[in-house]
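To start, the structure itself, in structure tokens.
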Amino acid sequence: MKYTVSTIINKPIDVVVELFDNEENMFEWMEGLKSVDHLEGEKGKAGAKSMMKFELGKRKMEIVETILESNLPERMVTTYASKGVNNIIFTKMEAQSDNTTKYIAEQEFKFKGLMKLMGWLMPGAFKKQSQKYLEDFKKFAESN
């Protein structure tokens, strides 16, 4: 499953990239994120791997994030792997004016096992969650 989500952030591109690149800021806008444990590579750079732990209600998830490419605002490529789901995100940010930035995330999901059925039955839920993360980052960025 592939789709693209985007939002316009009312901040200059250099500010948006700086806020996005700071790992500590993820706790401010990524709902349910409880911890990020660095596993290997240089933080924030290509080759870095981290274990992200989430709690959403009673549901707990562990997701391995791998940075494949880190060259924002032009392009950042990350993979997120969890049980039954692999997600690759191509992120870019484009200046729309001196004070506005377009945040674009191209998403590609690959499912295994039972999650294949979930992806087929509920593709809108994945897109809705992806858009929510962009909007939550927008709110965070605009408030800083």
Tell me which strands (runs of 3 or more DSSP E) are completely within the range 43-112 and hold 3 or more residues being in contact (Cβ under 8 Å) with a residue 24 or more places away in the chain and farther than 27 Å from Val15 by Cβ, or say none if there are none. 100-111
Looking at the range 52-64, can you tell me whether even one residue there is in contact with an Asp or Glu (Cβ under 6 Å, 6 or more places away or on another chain) and surrounded by 13 or more Cβ atoms within 10 Å (Cβ to Cβ)? yes
State yes or no: is Phe27 under 23 Å from Glu142 (Cβ atoms), in a helix (DSSP H, G or I), of a type in the set (A, V, I, L, M, F, W, C) and without any contact (Cβ under 8 Å) to a residue 24 or more places away in the chain? yes
Where the second residue is surrounded by fewer than 16 Cβ atoms within 10 Å (Cβ to Cβ) and among the basic types (Lys, Arg) and the first is touching a residue at least 60 places away in the same chain (Cβ under 8 Å) and lies in the range 127-144, which pairs have Cβ atoms under 6 Å and are six or more apart or on separate chains? none
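Since every read-out is calculated from the coordinates, none of them should be taken as a lab result. Everything numeric in this text was worked out from a predicted model, so none of it was measured. As a convention, Cβ positions derive from the backbone with ideal geometry for all residues, glycine included, and neighbour counts pool all protein chains shown.
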